[in-house]
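All remarks here apply to the structure that follows.
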Amino acid sequence: MSKTLVIGSTGNIGLLSLPMLKDAGIEVTALARSPDKLAGIQGINVIEGDLENDFEHAFKDCDSVVFTAGSGASTGPDKTLLIDLWAACKAVDYARKHHVKHFVIVSSRGADNPDALPSAIKPYLVAKHMADEYLKRSGVPYTILRPGRLTDDSGTGQITVRRPENSDDQCIARADVAKVITRVLSTGQSKNVVYELYKGETAIADLIA
Ligand SMILES: NC(=O)c1ccc[n+]([C@@H]2O[C@H](COP(=O)([O-])OP(=O)(O)OC[C@H]3O[C@@H](n4cnc5c(N)ncnc54)[C@H](OP(=O)(O)O)[C@@H]3O)[C@@H](O)[C@H]2O)c1
């Protein structure tokens, strides 16, 4: 059975992903700085670790990695640098050292070109961009997911990878991002691919065959 390390396991997308991965027959190890947040979830391995410190111990025997951690909107640029950029790069280094076969990272819409829009979140987009580039150049097989604005809707299982023209439509349910993560890992496809993700009208299973 393949073993996947989920980094950011206690976050919104992380918590949605854990049972989906488990149900897909994937053995899950969840890295958490506060393991008590995962107390109600059965059937996963939990490893304690803080992304601001060394967390290489979590990578032992993992075939694949999901990095869905983030510093969040309520922290400052210091945490953007330390989590969205630096911790992501450290995770890539650990993955390479441990011969991880697939690294799935949750990046962001706009990380392709942070200069494209006048944006208050440009430092965040630069951090995401540089982490994505670091992963691409690492030699570790990757899938980069760049969702639009995340919502807590229940999700439809239907998405598009084409950016809608209207910015109000550039959103996706976290539940659908979790489904994409699960689909990508359970098929083992979509290596060395970058997807933008938005709510849409195509079944995830059809887009990620
Ligand atoms: N919000 C949006 O509209 C949007 C759009 C596109 C992409 N994204 C990206 O999508 C990703 C996931 O979003 P989300 O809503 O699921 O995020 P979230 O709920 O804020 O989850 C963030 C996760 O990162 C973990 N984390 C942060 N600092 C850590 C540290 N020092 N050590 C260990 N874990 C740490 C958190 O752990 P704790 O539970 O311990 O805090 C949590 O598990 C993020 O990378 C975000 O940037 C967001």
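With Cα atoms defining each centre, the range 185-207 and the range 1-15 are spaced 18 Å apart in the structure.
Helix-only arithmetic for the chain: the sum of -39500 (n - 2.57) across DSSP H runs with n ≥ 4, divided by the residue total, places the mean residue ellipticity at 222 nm at -8000 deg cm²/dmol.
Remark: the range 25-39, residue by residue, has Karplus-estimated 3J(HN,Hα) of x, 9, 6, 10, 10, 10, 8, 8, 7, 10, x, 4, 5, 9, 4 Hz, where x stands for each Gly or Pro and the curve is 6.51 cos²θ - 1.76 cosθ + 1.60 at θ = phi - 60°. Computed over the chain, relative contact order equals 19 percent, with contacts defined as Cα pairs under 8 Å that lie 6+ residues apart. If R0 is taken as 22 Å, the Cβ-Cβ distance between Asp61 and Asp23 corresponds to a FRET efficiency of 0.55. A viscosity of 1.306 mPa s and a temperature of 10 °C, combined with the Kirkwood radius over C-alpha pairs in the Stokes-Einstein formula, give the chain a diffusion coefficient of 94 µm²/s.
Where does the charge balance sit around Ser71 when Lys and Arg score +1, Asp and Glu -1, over other residues with C-beta under 10 Å from its C-beta? It works out to a net charge of -1.
Let me check against my output: what whole-number percent is the relative contact order of the range 123-188, with C-alpha pairs under 8 Å and at least 6 apart?
Numbers: 42 pairs, mean separation 20.0, N = 66.
Relative contact order, the range 123-188: 30 percent.
Here the simple spin-label model places points 7 Å from the Cα toward Cβ, and for Ala73 and Ala203 these points are separated by 3.4 nm. Projecting the Cα atoms of Ser2, Pro118, Ala69 onto the charge dipole of the chain (Cβ charges, centred on the Cα centre) puts Ser2 farthest toward the positive pole.
For the pair Asn45 and Ala116, label points projected 7 Å from Cα toward Cβ lie 3.9 nm apart.
Projected label points at Ser167 and Lys101, each 7 Å from Cα along the beta carbon direction, are separated by 4.3 nanometres. Amide hydrogen proximity for Arg109: with H placed 1.01 Å from N in the peptide plane, the residues at 5 or more positions away or on another chain lying under 5 Å are Gly148.
Taking the Cβ of each residue in Ser2, Ser167, Ser34 as the centre, tally the other Cβ atoms inside 10 Å and list the residues starting with the fewest. Could the numbers behind the result be given before it?
Values: Ser2 16, Ser167 12, Ser34 9.
So the residues, fewest neighbours to most, are Ser34, Ser167, Ser2.
Once fully extended, how much extra length lies between Val193 and Lys3, figured as 0.36 nm per residue of separation less the alpha-carbon to alpha-carbon distance? All intermediate terms of the calculation are to be shown ahead of the outcome.
Details: separation 190, 0.36 × 190 = 68.40 nm, distance 2.10 nm.
Working it through step by step, the gained length comes to 66.3 nm.
Need one number: % antiparallel among DSSP beta bridges in the range 3-207, to the nearest 5.
On the way: 4 of 33 bridges.
Roughly 10 percent of the beta bridges in the range 3-207 run antiparallel, per DSSP.
Here the 3J(HN,Hα) profile of the range 77-89, calculated from phi with Karplus coefficients 6.51, -1.76 and 1.60 at θ = phi - 60°, is x, 4, 6, 4, 5, 6, 9, 5, 9, 5, 5, 5, 5 Hz, Gly and Pro shown as x.
From the cross-link list Lys3/Lys199; Lys3/Lys122; Lys97/Lys179, which pairs have alpha carbons spaced over 32 Å apart?
On the way: Lys3/Lys199 29 Å; Lys3/Lys122 35 Å; Lys97/Lys179 28 Å.
As for pairs spanning more than 32 Å Cα to Cα, those are Lys3/Lys122.
Throughout, read-outs are computed from the coordinates displayed, never taken from laboratory work. Values in this document were obtained by computation on a predicted structure and should not be read as measured data. Please note: Cβ atoms are built from the backbone with ideal geometry, for glycine as well, and neighbour counts cover all protein chains shown.
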